[in-house]
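A short worksheet on the structure shown next.
The values are calculated or read from the model by the stated rules, or taken from the named source; none is laboratory data. Because the structure is a prediction, the values reported are computed rather than measured. Virtual Cβ from ideal backbone geometry, glycine too; neighbours counted across all protein chains shown.
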């Protein structure tokens, strides 16, 4: 079992500051803490209040994608 940031892969989180592409990270709330995040699709924008899944960790940023509803 992985711990720390790597252990967050697969977790669900909530966007608290809009994510506006790979060069404009936003913020998510995961495991009770705020983290910087970028989208899995580098051109995607993810608005505040959206539920996301943590897919990876890249350069200290969580890489996320929207949960299909």
> Is there any pair with a first residue in segment 1-18 that is at positive phi and a second that is surrounded by 12 or more Cβ atoms within 10 Å (Cβ to Cβ) and modelled with pLDDT of 95 or more whose Cβ atoms are under 9 Å apart and which are 6 or more apart or on different chains, and what are they?
Replying inline: 10/53; 10/54; 10/55
>> Can you pull out every residue in segment 24-55 that is in contact with a strand residue (DSSP E or B) (Cβ under 9 Å, 6 or more places away or on another chain) and at pLDDT below 95?
In response: 30, 31
>> Please go through segment 1-21 and give me each residue that is over 11 Å from the mean Cα position of the chain (by Cα) and not in a strand (DSSP E or B), ordered by number.
In response: 1, 2, 3, 4, 5, 6, 7, 21
> Mind checking which residues of segment 25-47 are assigned to a strand (DSSP E or B) and surrounded by fewer than 17 Cβ atoms within 10 Å (Cβ to Cβ)?
Replying inline: 29, 33, 34, 36, 45
